[in-house]
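Shown next, in structure tokens, is the structure this report addresses.
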Amino acid sequence: VTGTFEVPNYLTNGGAPGAVFHYAPGSGPDALPVRDGTFTADFTCNIPRSVTTDGSTRLGTARGMVYGHGLLGSRDEVNAGNVRTMADTYRFVSCATDWTGFAEGDIGTAVTALGDFSNFPKMADRTQQGFLNTLFLGRLLRSPAGLADDPAFRVGGASVLDGTVYYDGNSQGGIL
């Protein structure tokens, strides 16, 4: 299942790669970032065969799992064979979003920051937005009004999600 979800945005330029925190005009050096609209985050989720084999027969429920990808990777790593096998074996609906700030789309910014450390806030600020995006994905997995209520996560009128959420981080995803 693929889709998008909305998250409060605290970055300039709509949160695009290279964005930094958005501050209120005239704010001082101790200012906190302020919200600037919403950030649209992409997600990819896999519903294991141990929960439904044909999309019309529910075999039970699964725990939600947020997957954190490796260094400068993407949410598509949730489709790796080892992640899918673990999810099927232990009954997890595994979902991932890009670790904004340290994802594939941020490679150019990372290269620039390595050449000139004054550009590092472009990675650090966006990474904090990535944490927020990941937390919101976890909330969507946990809430009965979140993904559990979406038809893509329902079989025979009932959700495949049991309302619990776990985290599995690979490489960078484990460090973050």
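The values are calculated or read from the model by the stated rules, or taken from the named source; none is laboratory data. Quick caveat: nothing in here was measured; it's all calculated off a predicted structure. Quick reminder, even Gly has a Cβ in these numbers, built from the backbone with ideal geometry, and neighbours come from all protein chains shown. Quick note on the areas: whole protein, heavy atoms, side chains included, nothing else; ligands and nucleic acids left out. Shrake-Rupley method; radii C 1.70, N 1.55, O 1.52, S 1.80 Å.
So which of Asp168, Asp125, Asp98 ends up being assigned to a helix (DSSP H, G or I) and acidic (Asp, Glu)? Outline the logic, then answer.
On the way: Asp168 fails: assigned to a helix (DSSP H, G or I); Asp98 fails: assigned to a helix (DSSP H, G or I).
The conditions single out Asp125.
Against the numbered list (1) assigned to a loop (DSSP other than H, G, I, E, B); (2) at positive phi; (3) among the small types (Gly, Ala, Ser), Gly28 comes up short only at (2). Is it true that some residue in region 28-35 is of a type in the set (A, V, I, L, M, F, W, C), open to solvent by 50 Å² or more (accessible area, probe 1.4 Å) and within 25 Å of Gly174 (Cβ to Cβ)? Within region 28-35 (the criterion being of a type in the set (A, V, I, L, M, F, W, C), open to solvent by 50 Å² or more (accessible area, probe 1.4 Å) and within 25 Å of Gly174 (Cβ to Cβ)), the answer is no, since none of the residues qualifies.
Working only within region 153-165, note down all residues that are open to solvent by 40 Å² or more (accessible area, probe 1.4 Å) and within 24 Å of Pro8 (Cβ to Cβ).
Val165
Here is a list: Phe92, Phe21. Which entry is open to solvent by 10 Å² or more (accessible area, probe 1.4 Å) and touching a helix residue (DSSP H, G or I) at 6+ places or on another chain (Cβ under 6 Å)? Explain how you work it out, then say what you get.
On the way: Phe92 fails: touching a helix residue (DSSP H, G or I) at 6+ places or on another chain (Cβ under 6 Å).
Going through Phe92, Phe21 in turn, just one is open to solvent by 10 Å² or more (accessible area, probe 1.4 Å) and touching a helix residue (DSSP H, G or I) at 6+ places or on another chain (Cβ under 6 Å): Phe21.
Would it be correct to say that Thr44 is open to solvent by less than 20 Å² (accessible area, probe 1.4 Å) and of a type in the set (Ser, Thr, Tyr)? Yes; evaluated as a whole, the condition is true for this residue. Filtering region 5-25 to residues that are part of a loop (DSSP other than H, G, I, E, B), under 17 Å from Phe102 (Cα atoms) and small (Gly, Ala, Ser) leaves Ala16, Gly18, Ala19. Thr109 falls short on exactly one of the conditions (1) more than 23 Å from Arg142 (Cα to Cα); (2) among the polar types (S, T, N, Q); (3) more than 20 Å from the chain's Cα centre (by Cα), and that condition is (3). Scoring Ser56 on the criteria (1) in contact with a helix residue (DSSP H, G or I) (Cβ under 6 Å, 6 or more places away or on another chain); (2) open to solvent by 20 Å² or more (accessible area, probe 1.4 Å); (3) polar (S, T, N, Q) leaves a single failure, condition (1). Checking each residue in region 131-146 for being over 18 Å from Pro8 (Cα atoms) and part of a helix (DSSP H, G or I) picks out only Arg142. Under the condition of being touching a Ser or Thr at 6+ places or on another chain (Cβ under 8 Å), open to solvent by 10 Å² or more (accessible area, probe 1.4 Å) and not polar (S, T, N, Q), the residues counted in region 106-122 number 1.
Please determine whether any residue of region 55-72 is of a type in the set (A, V, I, L, M, F, W, C), in a helix (DSSP H, G or I) and modelled with pLDDT of 95 or more. Walk me through it before giving the result.
If we filter region 55-72 for residues that are of a type in the set (A, V, I, L, M, F, W, C), which is where we start, we get 59, 62, 65-66, 71-72.
Narrowing further to those that are in a helix (DSSP H, G or I): none.
No: region 55-72 contains no residue that is of a type in the set (A, V, I, L, M, F, W, C), in a helix (DSSP H, G or I) and modelled with pLDDT of 95 or more.
Whenever a residue of region 51-77 is touching a residue at least 60 places away in the same chain (Cβ under 8 Å) and over 28 Å from Asn133 (Cβ atoms), its partners that are open to solvent by 50 Å² or more (accessible area, probe 1.4 Å) and outside any strand (DSSP E or B), lying with C-beta atoms within less than 6 angstrom and at least six residues away or across chains, give the pairs Arg58/Gly156.
Taking Ala87, is it part of a helix (DSSP H, G or I), aliphatic (A, V, I, L, M) and open to solvent by 20 Å² or more (accessible area, probe 1.4 Å)? No. For the criterion of being assigned to a helix (DSSP H, G or I) and modelled with pLDDT under 95, Gly174 passes.
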